[in-house]
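Inspection log for the structure reproduced underneath, given as structure tokens.
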Amino acid sequence: MDQRHTALVLSGGDLHELGAKTTHGLLRGSERYRVLGVIDENHAGQDAGIVMDGRPLGIPIFGDLGAALEALPEKPAYCIIGVATIGGILPPHLLAVINKALESGLSVVNGLHEFLSEKPDLQALAAAKGLELIDVRKPKTRADLHFWTGEIFEVKASIVAVLGLDCATGKRTTARILRDACRAAGRSAEMIYTGQTGWMQGNRYGFIFDSTLNDFISGELEHAIVSCWKETQSEVILLEGQSALRNPSGPAGAEYLVSGNAKKVVLVVPIGRKYFEDLEAWGPLPNVEDEIALIRLYGSEVVGIAMNTRDCTLDEVQAFKTKYETLLGIPVVDPLSDDLSDLVEKL
């Protein structure tokens, strides 16, 4: 029997956009929630998988909450905010939907930096209905944080950082797919989540990177990896990267290589993107060779490239793959569609 909590996901009309990447992650799989439907006023009546990436999932899209609750054969237990906004601000148009969800008896899961539990009216409504307001990004208390100790050097697993050339490239999705590919090949593997969607997907080990005081990021990362190793003895531990080594809005990645002791890296490259977050003023993305050289300076090795093929033709994808497999001698894959056995062996 499926023990996952049932849920509806709010994609805010943006299911086709990168801003709905939390929805995308939940559609691709979760051990915590079973998605019954998506609420997206711009794509009602369609299959959520088709809108996301052209692959049907059998998960319907509804124009509003009322239509979803009327049509679904079972009432979901949770309503999940499935958008990731700049600065983590709650889109105002979703507030009315959240109110209606609570009034309809659904608990709400929120992955934004704007906390629902700090809004008195929502808090009172949830309490009156006996419902939950789960703010995934709410920071831990000081007593629950860990400082780096050096215990990471006792871990014998192959620690692999999944880093990106930029934000919103598919690092979490790649890490999850590689975890599953390792398991399918008979290798024990776990994934360390570092963002709100990773928690929603039900990963057992991890922390929320951008809700953690800077002094404790290295320690929280180490604690997650060490705990995972001690409890599972996995052969491979995959680390979900955040942002990018050189993204000016929030450079990240060195922690994985230094404090997390990740000696292997899978680099996720958005091959159709020219600038950081598609903003010319932020500067051009570094080329792949330069990024690999930078990672090597940290003492780590790029063992594979995962392509994000958004907005690319098949010819462009094949040209990139051929160029870098020839130049670097490592697997270059589309994790959503390619065979990953060669990359699994590299891990």
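When you scan the range 173-194, do you find a residue that is under 23 Å from Glu114 (Cα atoms), surrounded by fewer than 23 Cβ atoms within 10 Å (Cβ to Cβ) and under 15 Å from the mean Cα position of the chain (by Cα), even just one?
No, the conditions are met nowhere in the range 173-194.
So is Ala161 touching a helix residue (DSSP H, G or I) at 6+ places or on another chain (Cβ under 8 Å), in the same structural domain as Phe276 (by TED's automatic domain parsing), part of a strand (DSSP E or B) and of a type outside the set (D, E, K, R) or not? It is true that Ala161 is touching a helix residue (DSSP H, G or I) at 6+ places or on another chain (Cβ under 8 Å), in the same structural domain as Phe276 (by TED's automatic domain parsing), part of a strand (DSSP E or B) and of a type outside the set (D, E, K, R). Within the range 85-100, does at least one residue satisfy the condition of being touching a residue at least 40 places away in the same chain (Cβ under 8 Å) and assigned to a loop (DSSP other than H, G, I, E, B)? Yes: the range 85-100 contains one or more residues that are touching a residue at least 40 places away in the same chain (Cβ under 8 Å) and assigned to a loop (DSSP other than H, G, I, E, B). Of the residues making up the range 283-296, at least one is in contact with a strand residue (DSSP E or B) (Cβ under 7 Å, 6 or more places away or on another chain) and over 14 Å from Gly164 (Cβ atoms). Screening the range 278-293 for residues that are of a type in the set (A, V, I, L, M, F, W, C) and part of a loop (DSSP other than H, G, I, E, B) and picking the one that is nearest to Arg246 (Cα to Cα) gives Leu285. Against the conditions (1) assigned to a loop (DSSP other than H, G, I, E, B); (2) at positive phi, Arg137 satisfies every one except (2). Going by what's in this entry, would Val83 be described as of a type outside the set (D, E, K, R) and within 18 Å of Leu133 (Cβ to Cβ)? Yes: the conditions hold for Val83.
Which residue out of Leu94, Leu90, Leu133 is of a type outside the set (Val, Ile, Thr) and touching a helix residue (DSSP H, G or I) at 6+ places or on another chain (Cβ under 6 Å)?
Leu133
Look at Leu36 and say whether it is assigned by TED's automatic domain parsing to the domain that holds Ile98 and without any contact (Cβ under 8 Å) to a residue 60 or more places away in the chain. So Leu36 fits the description; yes. Suppose we keep only residues that are crowded, with 20+ Cβ neighbours inside 10 Å and part of a strand (DSSP E or B) within the range 26-35. Which one would you say is farthest from the chain's Cα centre (by Cα)? It comes out as Val35. When Glu240 is tested against (1) touching a residue at least 12 places away in the same chain (Cβ under 8 Å); (2) over 14 Å from Ala168 (Cα atoms); (3) in contact with a strand residue (DSSP E or B) (Cβ under 6 Å, 6 or more places away or on another chain), just one condition goes unmet, and that condition is (2). If I filter the range 110-129 for residues that are assigned by TED's automatic domain parsing to the domain that holds Val332, at negative phi, among the hydrophobic types (A, V, I, L, M, F, W, C) and in contact with an Asp or Glu (Cβ under 7 Å, 6 or more places away or on another chain), do I get at least one hit? No, the range 110-129 has no match at all. Just checking, how many residues over the range 257-303 are of a type outside the set (Asp, Glu) and at positive phi? The number of residues fulfilling the criteria is 3.
Matching residues to (1) assigned to a loop (DSSP other than H, G, I, E, B); (2) surrounded by fewer than 22 Cβ atoms within 10 Å (Cβ to Cβ); (3) assigned by TED's automatic domain parsing to the domain that holds Val108:
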| position | (1), (2), (3) |
| --- | --- |
| Gly13 | yes, yes, yes |
| His16 | yes, yes, yes |
| Gly19 | no, yes, yes |
| His24 | no, no, yes |
| Asn42 | yes, yes, yes |
| Gly45 | yes, yes, yes |
| Ile50 | no, yes, yes |
| Leu69 | no, yes, yes |
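The values are calculated or read from the model by the stated rules, or taken from the named source; none is laboratory data. Note that the structure is predicted; figures quoted are calculated from it, not measured. Counting neighbours? That spans all protein chains shown, and the Cβs are built from the backbone with ideal geometry, glycine included.
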